[in-house]
Amino acid sequence: MKEKMKRKGILFVISAPSGAGKTTLVKKLLNQMPDICFSVSYTTRFPRVKEVDKKDYFFVSKKNFKEMIKQGQFIEYAEVYDNFYGTSIFQIKEQLNQGRDIILDIDTQGAMQIKKSPIPAVLIFILPPSLNELEKRLKKRNTDEKMIIKKRLAKAQKEIDCAKDYDYLVINDKIDSSLKELEAIIIAETAKTKRRKQYLVKFNNK
């Protein structure tokens, strides 16, 4: 914890097509690395079963969301399936300035907005083993109608086309190995020289 307070936090952005297992991976990662903070996004969609307000999302009305856009409160936002999703720029800045590393779970539209923003970020894309496997997972989830699944698969192909613009790709075939890769990425980024330059000061004889 002391180390984190001596440097600025790192913003990790994680994206994936719906059904690729991103939510499960992020939850397991946070259990394994409890010092990392999960950034709770805002959304205008209704909560799903077991989702909790202010924990999974900040659930707000479309009217309130659009007002927040006008006030410049989002570092990124997007409209997905007739609902809005967005991330508070104030929340991100505050946590990073406190030296806290942040995990941000957003889609490719939001990730590309953050990539263009002044706030540095490490972008990680979660790939399914194949589109066929992705379709099986979406059907097994049993939360969407056939037409919605078809739309999600079409959108998945477009999202996967954006994967080349990310810093890392994790293929989520087996959850345990994918989790280890995510942990390795975060540890490696934390240990980069540019983030630990302050430790070299005491070795400088000049």
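Annotation note: trypsin sites (Lys or Arg not before Pro) in the stretch 53-90 located in DSSP loop regions with a Cβ neighbour count of at most 11 within 10 Å are LYS54, LYS55. Look at the alpha carbon pairs under 8 Å that are at least 6 residues apart: their mean separation over the length of the chain gives a relative contact order of 30 percent. Once Rg and the Kirkwood radius are both taken over the C-alpha atoms of the stretch 43-88, their ratio Rg/Rh works out to 0.95.
Considering only Cα atoms, the convex hull volume of the stretch 146-206 works out to 111 Å³ per residue. By the count of neighbouring beta-carbon atoms within 10 Å, fewest first, SER177, SER18, SER39 end up ordered SER177, SER39, SER18. Each of VAL122, VAL170 was scored by other Cβ atoms within 10 Å of its Cβ. Arranged with the fewest first, they read VAL122, VAL170.
With kT/(6 pi eta Rh) evaluated at 20 °C and eta = 1.002 mPa s, and Rh the Kirkwood radius from Cα pairs, the chain diffuses with a coefficient of 118 µm²/s according to Stokes-Einstein. Every Cα-Cα pair of the stretch 122-176 was included, and the share exceeding 12 Å stands at 67 percent. Across all directions, the average flat footprint of the convex hull enclosing the Cα atoms of the stretch 17-59 is 3.5 nm².
With N as its number of residues, the stretch 75-179 has a Cα radius of gyration that, divided by 2.2 N^0.38 Å, comes to 1.20. Charges at C-beta only: +1 for Lys and Arg, -1 for Asp and Glu. How large is the resulting dipole of the chain about its Cα centre, in Debye rounded to 20? Its charge dipole is roughly 520 debye.
Run through the DSSP bridge list for the chain and note the antiparallel percent, rounded to the nearest 5. Taking every DSSP beta bridge with both residues in the chain, the antiparallel ones total about 30 percent.
On the principal axes of its alpha-carbon atoms, the stretch 20-121 has extents of 37, 35, 23 Å, going from largest to smallest.
Read-outs throughout are calculated quantities, based only on the coordinates presented, and are distinct from any laboratory measurement. Everything numeric in this text was worked out from a predicted model, so none of it was measured. Every residue, glycine among them, receives a Cβ derived from its backbone with ideal geometry; neighbour counts consider all protein chains shown.
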